[in-house]
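The values are calculated or read from the model by the stated rules, or taken from the named source; none is laboratory data. Nothing here was measured: the structure is a model prediction, and the numbers come from that model. For neighbour counting, all protein chains shown are included, and Cβ atoms are generated from backbone atoms with ideal geometry for every residue, glycine included. With ligands, DNA and RNA removed, areas are computed over all heavy atoms of the protein, side chains included. Shrake-Rupley method; radii C 1.70, N 1.55, O 1.52, S 1.80 Å.
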Amino acid sequence: MHSIHDNEIISYEVDFQKSRITLHTLGGNGDSVTTTIEFIDVLAHMFETQLQGSIILDISKYEVSRFLKHNKELLEKQKNYGWPMHYEKIEDLLERLQNEKYNYYVISSSYGLNGWVIAKEYNIYN
C-alpha cells in the first residue's frame, strides 16, 4: 500500500448514492504526486477541523467494537434517528457491523482534517 503520511488533502467527496468517500491528496515531502484514498461501502463518517492545507498523519484500521466504545454518547444521541442504522440494543449493532464486515478507520492528522469512517474497505491509488 502507498504511503500517505504527510499527504496534503486537496479535496474530498462524499457520494451517498454510491456509499463512497474519496480524498484527493498531494504527496508529502515536497513531491507533487497525486494520491486518491477511497473508502468503499461507507456506512457513516465524521470529519472535524477541515482546514485548507490539512496534512494526513495516518489512517488506522480498527475493529468496529472500538468505534462503539469510543462513540457511546454519539450513538445514544442518534439512535432514535436510525443512525448509523436501525438497531434495538448496542449489542445488536455490534453484531450487525461485524457480520457485514465493517471496519473503523481513524484518520489522524498532523494538521487539520481528522475523523473516522465506518466502511468495508479502503484503497489508495496513485
Checklist entry - Which of the GluC sites (Glu not before Pro) across segment 25-96 are loop residues per DSSP, with 15 or fewer other Cβ within 10 Å? => result E63, E88
Next on the checklist: Cut-off under 22 Å on the C-alpha distance; same-chain residues fewer than 8 positions from K79 excluded. Which lysines are left, in chain and number order?
Outcome noted: K69, K89, K101, K120
Checklist entry - Leaving out same-chain residues fewer than 8 places away, which aspartates and glutamates sit with a Cα under 13 Å from that of K18? => result E38, D41
Checklist outcome for this item: Toy charge model, Lys and Arg Cβ at +1, Asp and Glu Cβ at -1: the chain dipole around Cα centroid in debye, rounded to 20, equals 280 debye
Next on the checklist: For segment 9-97, what does the relative contact order come out to in percent, with C-alpha contacts under 8 Å and a separation of six or more?
Outcome noted: 20 percent
Next on the checklist: Accessible area of segment 1-55 with a 1.4 Å probe: how many percent of it is carbon plus sulfur?
Outcome noted: 47 percent
Next on the checklist: Give me the 1.4 Å probe accessible area per residue for the chain, excluding ligands and nucleic acids, in Å².
Outcome noted: 60 Å²
Checklist outcome for this item: For segment 1-45 the mean separation of alpha carbon contacts under 8 Å (6+ apart) over residue count, i.e. relative contact order in percent, is 34 percent
Checklist outcome for this item: On the accessible surface of segment 61-126, probed at 1.4 Å with all protein chains in place, carbon and sulfur together account for a percent value of 43 percent
